[in-house]
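The values are calculated or read from the model by the stated rules, or taken from the named source; none is laboratory data. Bear in mind that the values here come from a model prediction, so they are computed numbers and not experimental data. All Cβ positions, even for glycine, are placed from backbone atoms using ideal geometry, and neighbour counts span all protein chains on display. Only protein heavy atoms, including side chains, enter the accessible area calculation; ligands, DNA and RNA are left aside. Shrake-Rupley method; radii C 1.70, N 1.55, O 1.52, S 1.80 Å.
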Amino acid sequence: MDTARPDGDAGPVVLIGYAGAVLGALSKFLPDRSVIFIDEPDVLRKRDVRASTAESTTLRELIDWEYQLDGAADCFYHRHRDLRPGAVVPISEYGVPFAARLAERYGVPGATYGAALALRDKHLLRMITSAAGIPNPRSVPVGGPAEVRAFMAEFGGPIVLKPANRQASIGTKIVYEPHEIDQSWVECMDQDEGVMIPDRGIPVRMLAERFVSGDEFSVEMMFDRGRPAFGAVTRKFLFDGPRPVERGHLHPADIGEELTGRLVADTTNVLRAVGLYSGFVHCEWIVENGVPHLVECAGRMAGDGIIELVMMAWDYDVVGEFYAMMQGRPLTEEVPAKAPRYAAVWLGRVPAGEVESVDGVEEARALPGVHTCIASVSAGEQTHDLRSSWDRASLVTAEGATPQEALGNAQRAVDRITVKVREHLPV
């Protein structure tokens, strides 16, 4: 794909799915008025994005477009043929197929539309990667409790009930016994993401899968024209309970070279199996009895502060290099042979109720090793029992010379943040 332009103008960077943190990060190295966000009209309205970005000098335009509908990218291209972007990059999980197809239409680097569709559909991804010889748990589409019971009767428990087409652990639960199935189905049907999705909703498509037991990891990989340009492993920590919601991450993972190499190689095989050309992925694995089993693979940069961990640990500007790659420019920064330090992110939760006060953020931010410290709730907001990633209340990133120091620094800072909640009384 040749992105050279005769007028020398690099063209705007078009991002699919608004994220304030991304806009802030890009403002450090992209010129003024060079970024365009495309997002669903309902999402821009509900999140009041126009007001919150009014003072940004990096933002060129917000374009409202129902990008999650079939044919949306081709329709957008025909309505904006003169846009001539320098790069098209997905930020939201739901924007991965739209970004890939739009990149094809404008002739800039991208995942390829076929690869993006496979990464967005967990059932399709299992079919393709299983055919390519990559270990996957047994998984079947299910339309109701009766089909879930049949799956558990055939393969035993525990099982995982999860959507094929959602993000942030929405609608996902571990089911241990048959008598839990009916109630678990009802709970997993609650897939409301509030301001993060359009009002028309997203069709429900559920999977039942064999529960895989083992340590959990993700691979953060930059893929350049069919080859890995950067790949590193992150260890994942979950909250206790039947909802597999992420509590923390350690980067790089505190594992040996052999397993690190296996996870990176297996991720490369996943991307080649789906035919990905250029992009960044967050590929999740569970290692059971020494064998990595694919969980899922997101066709965009990771959330949860993981990319910040990569940059802290490696002293490598992976964000700047990625955006250069997506603009068709050569990579110029050499990846260090080894990360000189560790970095961790830790997240806090609170009970369901109404937030009365939030304290300790500044004190937590001042603790040793801490980089980012955020309380994601404020007084007057309603909180929920832990169902998905959206129900967490605080986030801290921190560095350390050892895995234990990085994790300890992040955990101590999260513990310093106090969220007082008036709990809901039982009905």
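Does Leu238 meet the test of being farther than 25 Å from Ala131 by Cβ and not hydroxyl-bearing (Ser, Thr, Tyr)? It would help to see each step written out before you state the result.
Details: farther than 25 Å from Ala131 by Cβ: yes; not hydroxyl-bearing (Ser, Thr, Tyr): yes.
Considered against the rule, which asks whether it is farther than 25 Å from Ala131 by Cβ and not hydroxyl-bearing (Ser, Thr, Tyr), Leu238 comes out as yes.
Quick check on the stretch 249-262. Is at least one of its residues open to solvent by less than 20 Å² (accessible area, probe 1.4 Å), polar (S, T, N, Q) and closer than 29 Å to Ser388 by Cα?
Just the residues of the stretch 249-262 that are open to solvent by less than 20 Å² (accessible area, probe 1.4 Å), to begin with: 249-251, 253.
Now restrict to residues that are polar (S, T, N, Q): none.
Scanning the stretch 249-262 turns up no residue that is open to solvent by less than 20 Å² (accessible area, probe 1.4 Å), polar (S, T, N, Q) and closer than 29 Å to Ser388 by Cα.
Among the numbered criteria (1) more than 20 Å from the chain's Cα centre (by Cα); (2) more than 30 Å from Glu40 (Cα to Cα); (3) surrounded by fewer than 21 Cβ atoms within 10 Å (Cβ to Cβ); (4) of a type outside the set (Asp, Glu), which one does Phe239 miss?
(1)
Residues of the stretch 220-234 being open to solvent by 30 Å² or more (accessible area, probe 1.4 Å) and in contact (Cβ under 8 Å) with a residue 40 or more places away in the chain, which ones?
Selection gives Arg225, Pro228, Ala229.
Only one of these conditions is not met by Val204: (1) at pLDDT 95 or above; (2) open to solvent by 10 Å² or more (accessible area, probe 1.4 Å). Which number is it?
Condition not satisfied by Val204: (1).
Tell me, yes or no, whether the stretch 94-104 has at least one residue that is of a type outside the set (Phe, Trp, Tyr) and over 22 Å from Gln327 (Cα atoms).
Restricting attention to the stretch 94-104, the residues satisfying the condition of being of a type outside the set (Phe, Trp, Tyr) are 95-97, 99-104.
Still in the list and also over 22 Å from Gln327 (Cα atoms): none.
So far as the stretch 94-104 goes, no, none of its residues is of a type outside the set (Phe, Trp, Tyr) and over 22 Å from Gln327 (Cα atoms).
Looking at the stretch 76-112, which of its residues are in contact with a strand residue (DSSP E or B) (Cβ under 7 Å, 6 or more places away or on another chain), of a type in the set (A, V, I, L, M) and in a loop (DSSP other than H, G, I, E, B)?
The answer is Ile91, Val108, Ala111.
So which of Asp74, Asp64, Asp82 is free of Cβ contacts under 8 Å to residues at least 60 places away in the same chain, in contact with a Pro (Cβ under 6 Å, 6 or more places away or on another chain) and on the phi < 0 side of the Ramachandran plot? Steps first, please.
Details: Asp74 fails: in contact with a Pro (Cβ under 6 Å, 6 or more places away or on another chain); Asp82 fails: in contact with a Pro (Cβ under 6 Å, 6 or more places away or on another chain).
Residue meeting the stated conditions: Asp64.
Just to be sure, is Pro90 over 24 Å from Lys28 (Cβ atoms), open to solvent by less than 50 Å² (accessible area, probe 1.4 Å) and in contact with a Lys or Arg (Cβ under 7 Å, 6 or more places away or on another chain)? Spell out the reasoning first.
On the way: over 24 Å from Lys28 (Cβ atoms): no; open to solvent by less than 50 Å² (accessible area, probe 1.4 Å): yes; in contact with a Lys or Arg (Cβ under 7 Å, 6 or more places away or on another chain): yes.
Taking the combined requirement at face value, the residue does not satisfy it.
Among the candidates Ala150, Ala116, Ala146, Ala132, single out the residue that is surrounded by 21 or more Cβ atoms within 10 Å (Cβ to Cβ), modelled with pLDDT of 95 or more and of a type outside the set (Lys, Arg). Explain how you work it out, then say what you get.
Numbers: Ala150 fails: surrounded by 21 or more Cβ atoms within 10 Å (Cβ to Cβ); Ala146 fails: surrounded by 21 or more Cβ atoms within 10 Å (Cβ to Cβ); Ala132 fails: surrounded by 21 or more Cβ atoms within 10 Å (Cβ to Cβ).
Answer to the selection: Ala116.
When only residues in the stretch 96-112 that are in contact (Cβ under 8 Å) with a residue 40 or more places away in the chain and within 20 Å of Thr268 (Cα to Cα) count, which is surrounded by the most Cβ atoms within 10 Å (Cβ to Cβ)?
In this case the residue turns out to be Ala111.
Restricting attention to strands (runs of 3 or more DSSP E) lying wholly within the stretch 360-427, give those where 1 or more residues are open to solvent by 20 Å² or more (accessible area, probe 1.4 Å), farther than 30 Å from Ile197 by Cα and in contact (Cβ under 8 Å) with a residue 12 or more places away in the chain.
On the way: elements: 370-375, 392-400, 418-423.
Because the criterion is at least 1 residues that are open to solvent by 20 Å² or more (accessible area, probe 1.4 Å), farther than 30 Å from Ile197 by Cα and in contact (Cβ under 8 Å) with a residue 12 or more places away in the chain, the strands (runs of 3 or more DSSP E) in the stretch 360-427 that meet it are 370-375, 392-400.
If we keep just the residues of the stretch 23-61 that are of a type in the set (Asp, Glu), in contact (Cβ under 8 Å) with a residue 24 or more places away in the chain and surrounded by fewer than 17 Cβ atoms within 10 Å (Cβ to Cβ), which is nearest to Asp317 (Cα to Cα)?
Looking only at the stretch 23-61, we keep the residues that are of a type in the set (Asp, Glu), and these are 32, 39-40, 42, 48, 55, 61.
With in contact (Cβ under 8 Å) with a residue 24 or more places away in the chain added as a condition, the list becomes 32, 39-40, 42, 61.
Those still in the list that are surrounded by fewer than 17 Cβ atoms within 10 Å (Cβ to Cβ) too: 32, 42, 61.
Numbers: Asp32: 20, Asp42: 34, Glu61: 26 Å.
Step by step, filter the stretch 23-61, then rank; the result is Asp32.
Looking at Ala116, is it in contact with a Phe, Trp or Tyr (Cβ under 8 Å, 6 or more places away or on another chain) and either part of a strand (DSSP E or B) or not β-branched (Val, Ile, Thr) (or both)? Explain how you work it out, then say what you get.
Details: in contact with a Phe, Trp or Tyr (Cβ under 8 Å, 6 or more places away or on another chain): no; either part of a strand (DSSP E or B) or not β-branched (Val, Ile, Thr) (or both): yes.
For Ala116, the condition - in contact with a Phe, Trp or Tyr (Cβ under 8 Å, 6 or more places away or on another chain) and either part of a strand (DSSP E or B) or not β-branched (Val, Ile, Thr) (or both) - is not met.
Where residues in the stretch 188-201 are touching a residue at least 40 places away in the same chain (Cβ under 8 Å) and within 21 Å of Phe239 (Cβ to Cβ), which of them is most open to solvent (accessible area, probe 1.4 Å)? Can you show your working first?
Within the stretch 188-201, the subset touching a residue at least 40 places away in the same chain (Cβ under 8 Å) is 190, 193-200.
Going one step further and asking which of them are within 21 Å of Phe239 (Cβ to Cβ), we end up with 190, 193-194, 196.
On the way: Asp190: 77, Glu193: 12, Gly194: 32, Met196: 51 Å².
The extreme case among them is Asp190.
Pick out the one residue from Ala337, Ala352 that is more than 24 Å from the chain's Cα centre (by Cα) and either within 28 Å of Phe280 (Cβ to Cβ) or of a type in the set (Lys, Arg) (or both). Full working, then the answer.
Numbers: Ala352 fails: either within 28 Å of Phe280 (Cβ to Cβ) or of a type in the set (Lys, Arg) (or both).
Going through Ala337, Ala352 in turn, the sole match is Ala337.
Identify, please: which residue in the stretch 162-187 is among the hydroxyl-bearing types (Ser, Thr, Tyr) and within 16 Å of Phe151 (Cα to Cα) and is, among those, surrounded by the fewest Cβ atoms within 10 Å (Cβ to Cβ)?
My answer is Tyr176.
Quick test for you: out of Lys46, Lys28, pick the one residue that is at pLDDT below 95 and basic (Lys, Arg).
Details: Lys46 fails: at pLDDT below 95.
Of the residues listed, the single one that is at pLDDT below 95 and basic (Lys, Arg) is Lys28.
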